[in-house]
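Engineer: Please find one structure pasted underneath; my questions will follow.
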């Protein structure tokens, strides 16, 4: 990737930008493929060698692939799992998790998946078949994908949902995407809904770029501002255009070392202006990855966060605690 950049090849941040994309730069999402001596390789993790024949244009017949973990049964679900379904005693959906992320959260809560570059990748059809089999095994209707960040490698994600819809044409099937929202442009959202996605969760990390940078590890302020703006716009667009057709959930990570209660209040007020009834799931960030020194918020602290958000005008707030979910 670096060798190509020195030759003037542009790597874009958003789908459609640049000649190539390398959003995760850790090998998990397979977005940055190039042809090396006639075979596909990930440009972000493949060392350049003398005599390589490198082609940046991929063959039209090349099937997209990426690394996924799962599927597994899930008893709680994610941001866009309706609160009344969340349970600690039974499975309510099956889920897969994609490797690769465009953020660098030092307290990443799923780092073993996010930074996996070694597992064999799967095609969209292959992943859809695994999830469909798991749906039948667990006898559920909800099928979720999270990460990492699923919205990386757009051709793969669109192909996955197309295959999942084809294999699950019944009206009870729910196709659920949980995303950080940083790449979910309006056109991308339209395409996802068009291929059958029924539930979408988006996770703005806060209100201010400084908070976003602290939580995500993004050092470039301009990029952080763009990512934060895109995620908030995704929430607004989903509510304005697809309320009633798509179940919309919003996520907010909380730990007092990452975001203040004052900003939590502002977050709630901003979301309430979009829709006071939209579901908000607050995640209690615990010690993990490079932030082993974090102290997990207590149940009482999370209930205080819930009260703050209710006082801000939100009607449907669920807080994750070490004693289970509380709310709304």
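The values are calculated or read from the model by the stated rules, or taken from the named source; none is laboratory data. All figures in this text were calculated on a predicted structure; none of them were measured in a lab. FYI the Cβ positions are ideal-geometry reconstructions off the backbone, even for glycines, and counts take in every protein chain you see.
Engineer: In region 97-108, which residue that is surrounded by fewer than 24 Cβ atoms within 10 Å (Cβ to Cβ) and within 12 Å of the chain's Cα centre (by Cα) is farthest from residue 217 (Cα to Cα)?
Structural biologist: Here the answer is 97.
Engineer: May I pose another question? When you scan region 45-53, do you find a residue that is in contact (Cβ under 8 Å) with a residue 12 or more places away in the chain and out of contact with any strand residue (DSSP E or B) (no Cβ under 9 Å at 6 or more places or on another chain), even just one?
Structural biologist: Yes, region 45-53 contains at least one residue that is in contact (Cβ under 8 Å) with a residue 12 or more places away in the chain and out of contact with any strand residue (DSSP E or B) (no Cβ under 9 Å at 6 or more places or on another chain).
Engineer: Moving on. So, residue 309, is that one crowded, with 19+ Cβ neighbours inside 10 Å, part of a helix (DSSP H, G or I) and at pLDDT 95 or above or not?
Structural biologist: So residue 309 passes the test.
Engineer: Only one of these conditions is not met by residue 77: (1) surrounded by 13 or more Cβ atoms within 10 Å (Cβ to Cβ); (2) part of a loop (DSSP other than H, G, I, E, B); (3) free of Cβ contacts under 8 Å to residues at least 60 places away in the same chain. Which number is it?
Structural biologist: If we test residue 77 against (1) surrounded by 13 or more Cβ atoms within 10 Å (Cβ to Cβ); (2) part of a loop (DSSP other than H, G, I, E, B); (3) free of Cβ contacts under 8 Å to residues at least 60 places away in the same chain, just (3) comes out false.
Engineer: Check residue 205 against each of (1) in contact (Cβ under 8 Å) with a residue 60 or more places away in the chain; (2) more than 21 Å from residue 315 (Cβ to Cβ); (3) buried (at least 19 other Cβ atoms within 10 Å of the Cβ) and name the one condition it does not meet.
Structural biologist: Just one mismatch for residue 205, condition (1).
Engineer: Also, quick follow-up: Condition check: more than 25 Å from residue 224 (Cβ to Cβ) and buried (at least 20 other Cβ atoms within 10 Å of the Cβ). Does residue 135 satisfy that?
Structural biologist: The answer is yes for residue 135.
Engineer: Residues 234, 224: which one is under 14 Å from residue 103 (Cβ atoms), surrounded by 20 or more Cβ atoms within 10 Å (Cβ to Cβ) and touching a helix residue (DSSP H, G or I) at 6+ places or on another chain (Cβ under 8 Å)?
Structural biologist: Result of the check over 234, 224: 224.
Engineer: For region 313-323, check the following and say yes or no: at least one residue is in contact (Cβ under 8 Å) with a residue 40 or more places away in the chain, part of a helix (DSSP H, G or I) and buried (at least 23 other Cβ atoms within 10 Å of the Cβ).
Structural biologist: no
Engineer: Please go through region 241-259 and pick out each residue that is surrounded by fewer than 18 Cβ atoms within 10 Å (Cβ to Cβ) and either farther than 19 Å from residue 195 by Cα or outside the structural domain of residue 178 (by TED's automatic domain parsing) (or both).
Structural biologist: Once the filter is applied, which keeps residues that are surrounded by fewer than 18 Cβ atoms within 10 Å (Cβ to Cβ) and either farther than 19 Å from residue 195 by Cα or outside the structural domain of residue 178 (by TED's automatic domain parsing) (or both), region 241-259 yields 256, 257.
Engineer: Let me ask you something else. Please find, among 54, 96, the residue that is in contact with a helix residue (DSSP H, G or I) (Cβ under 8 Å, 6 or more places away or on another chain) and under 30 Å from residue 245 (Cα atoms).
Structural biologist: Result of the check over 54, 96: 96.
Engineer: Within region 275-295, is there a residue that is at negative phi, assigned to a helix (DSSP H, G or I) and surrounded by fewer than 16 Cβ atoms within 10 Å (Cβ to Cβ)?
Structural biologist: no
Engineer: Oh, and also: If residue 217 satisfies all but one of (1) surrounded by fewer than 23 Cβ atoms within 10 Å (Cβ to Cβ); (2) on the phi > 0 side of the Ramachandran plot; (3) touching a strand residue (DSSP E or B) at 6+ places or on another chain (Cβ under 8 Å), what's the number of the condition it fails?
Structural biologist: (3)
Engineer: Report, by residue number, each residue of region 252-268 that is touching a helix residue (DSSP H, G or I) at 6+ places or on another chain (Cβ under 7 Å) and not in a helix (DSSP H, G or I).
Structural biologist: Those that are touching a helix residue (DSSP H, G or I) at 6+ places or on another chain (Cβ under 7 Å) and not in a helix (DSSP H, G or I): 252, 253, 254, 258, 259.
Engineer: Could you give me the residue pairs with C-beta distances under 8 Å whose first residue belongs to region 89-116 and is at positive phi, whose second residue is assigned to a strand (DSSP E or B) and crowded, with 21+ Cβ neighbours inside 10 Å wherever it lies, and which are 6+ apart or on separate chains?
Structural biologist: Partner pairs satisfying both residue conditions: 100/66; 100/147.
Engineer: How many of the residues in region 57-82 are touching a strand residue (DSSP E or B) at 6+ places or on another chain (Cβ under 7 Å), more than 24 Å from residue 124 (Cβ to Cβ) and modelled with pLDDT under 95?
Structural biologist: Total meeting the criteria: 1.
Engineer: Further, regarding this structure: Step by step: first the residues of region 36-63, then only those that are under 27 Å from the mean Cα position of the chain (by Cα) and not in a loop (DSSP other than H, G, I, E, B), then the one that is surrounded by the most Cβ atoms within 10 Å (Cβ to Cβ). Which residue is that?
Structural biologist: 42
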